[in-house]
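The values are calculated or read from the model by the stated rules, or taken from the named source; none is laboratory data. Being a predicted model, the structure only gives us computed values, none of them experimental. Neighbour counts run over all protein chains shown; Cβ positions are idealised from the backbone, glycine included. The protein model used for the area step is the full one, side chains on, heavy atoms only, and it has no ligands, DNA or RNA in it. Shrake-Rupley method; radii C 1.70, N 1.55, O 1.52, S 1.80 Å.
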Amino acid sequence: MSIKNKLLTTTILSSSAITLTGIINHYIKVSSTSKNLLKESKYHYYCWRFGDIYYKKYGSGKPLLLVHDLHSWSGSHQWNSVIYALSKTYTVYTLDLLGCGCSEKPSFTYTNYLFVQLISDFIKSEIGHRTDVIALGNAGNFIIMACNNSPELFNRIVLVNPDSILSCSHLPGKMTKLYKKLLDFPIIGTLIYHIAVSKKSIEKSLATNAFYNPYFIKKRFINLCHETAHLGFSPKSIYASVRCNYTNCNIINALKKIDNSIYLIGGGEIENEEELLKEYTNYNCAIEYILIPKCKQFPQIEKTDKFLSAINTFLY
């Protein structure tokens, strides 16, 4: 076979592979969002300068903002088990962060500062009062930074299983930047993302890292996570940004300066969780914490009563 024919054959095969991969990506996206679970509920939306932010509002009383953790499969559905109870005392706001849930998912790099601005702007525009905040996981990083920048917007803060101080300060390195560039490719990057957030991968991650008792992982919860991971224009962008440490920030100075009351809730079955929470108290001795046994990342789901009891202790 001549060199010309070899090149032609290689080009045809490569084009076919790219086309087939594109078709696979489209099929995965359509099939993953076909149940339309997230659109079943009525949302309000906040027209933010970087995209529409969808949120829900419940109850009456002092404002309480619930912020989910920061992953491509995360959303306000993480709070469904406690919204009704909290709304008896509070006006509860749950939002889908930019890049998550039903909110817009633009194709760019998400940073800690972006979410600091989002939370501050949302409180000013949609809540309009100083508010209590409960944040899950790595969302605690930008809640701390937002409170440090605009303490007048925040009342009391509860962080549920926050990242370790060391994890917060991990910044993008050479390898993570290369991985981010790979994920940014339209076809191959999207395929890599789809593999990472397949229903089986999400279920395995939840069973291994998020839940102590896998029987608490309901099929509907998995389906909601799977749908939100594929919904919108560029759901992989938030995955790439978090996975490659672009949403991290050193929070030590902010922790030292904050005068607001800060409370921590930890899952008792997470390895070295108490040491992690104690680390926060080293930088702010006023911080209080509590461990809830028999749960991991989602105590509001696994141990709802004990979680609400802790919130009553801290906020009421």
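In table form, for the structure just shown:
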item: Of all residues making up region 284-309, the number that are without any contact (Cβ under 8 Å) to a residue 40 or more places away in the chain and either in contact with a helix residue (DSSP H, G or I) (Cβ under 8 Å, 6 or more places away or on another chain) or surrounded by fewer than 17 Cβ atoms within 10 Å (Cβ to Cβ) (or both); result: 13
item: Yes/no for Leu182 being surrounded by fewer than 18 Cβ atoms within 10 Å (Cβ to Cβ), more than 17 Å from the chain's Cα centre (by Cα) and free of Cβ contacts under 8 Å to residues at least 24 places away in the same chain; result: yes
item: Scan of region 259-272 for residues that are open to solvent by 10 Å² or more (accessible area, probe 1.4 Å) and either at negative phi or among the hydroxyl-bearing types (Ser, Thr, Tyr) (or both), ordered by number; result: Asp259, Asn260, Ser261, Tyr263, Gly268, Glu269, Ile270, Glu271
item: Meets criteria (on the phi > 0 side of the Ramachandran plot and at pLDDT 95 or above) for Asn161; result: yes
item: Residue tally, condition part of a helix (DSSP H, G or I) and surrounded by fewer than 15 Cβ atoms within 10 Å (Cβ to Cβ), over region 169-179; result: 4
item: Members of region 100-114 found to be under 20 Å from Asp163 (Cα atoms) and crowded, with 24+ Cβ neighbours inside 10 Å, listed by number; result: Cys100, Tyr110
item: Qualifying residue in region 159-168 (condition: touching a strand residue (DSSP E or B) at 6+ places or on another chain (Cβ under 8 Å), not acidic (Asp, Glu) and not in a loop (DSSP other than H, G, I, E, B)); result: yes
item: Among the candidates Asp132, Asp163, residue that is open to solvent by 30 Å² or more (accessible area, probe 1.4 Å), in contact with a helix residue (DSSP H, G or I) (Cβ under 7 Å, 6 or more places away or on another chain) and closer than 30 Å to Tyr263 by Cβ; result: Asp163
item: Cβ pairs under 6 Å, 6+ apart, first in region 205-224 and of a type in the set (A, V, I, L, M, F, W, C), second at pLDDT below 95 and not in a helix (DSSP H, G or I); result: Leu206/Ile217; Phe211/Ile217; Leu224/Leu37
item: Sole exception among (1) at pLDDT 95 or above; (2) part of a loop (DSSP other than H, G, I, E, B); (3) under 19 Å from Gly140 (Cα atoms) for Glu104, by number; result: (3)
item: Residue check for Leu64: open to solvent by less than 10 Å² (accessible area, probe 1.4 Å) and in contact with an Asp or Glu (Cβ under 8 Å, 6 or more places away or on another chain); result: yes
item: Flag for Ile144 being aliphatic (A, V, I, L, M), surrounded by 24 or more Cβ atoms within 10 Å (Cβ to Cβ) and in a strand (DSSP E or B); result: no
item: So Thr313, is it assigned to a helix (DSSP H, G or I), open to solvent by 60 Å² or more (accessible area, probe 1.4 Å), farther than 19 Å from Ser150 by Cα and not charged (D, E, K, R); result: yes
item: In region 41-98, the residues that are in a loop (DSSP other than H, G, I, E, B) and of a type in the set (Asp, Glu); result: Asp69, Asp96
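Rundown of residues vs (1) at pLDDT 95 or above; (2) under 22 Å from Leu97 (Cβ atoms), yes/no style:
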{"residue": "Leu182", "(1), (2)": "no, no"}
{"residue": "Ile188", "(1), (2)": "no, no"}
{"residue": "Leu191", "(1), (2)": "no, no"}
{"residue": "Ile195", "(1), (2)": "no, no"}
{"residue": "Ile217", "(1), (2)": "no, no"}
{"residue": "Gly267", "(1), (2)": "yes, yes"}
{"residue": "Glu275", "(1), (2)": "yes, no"}
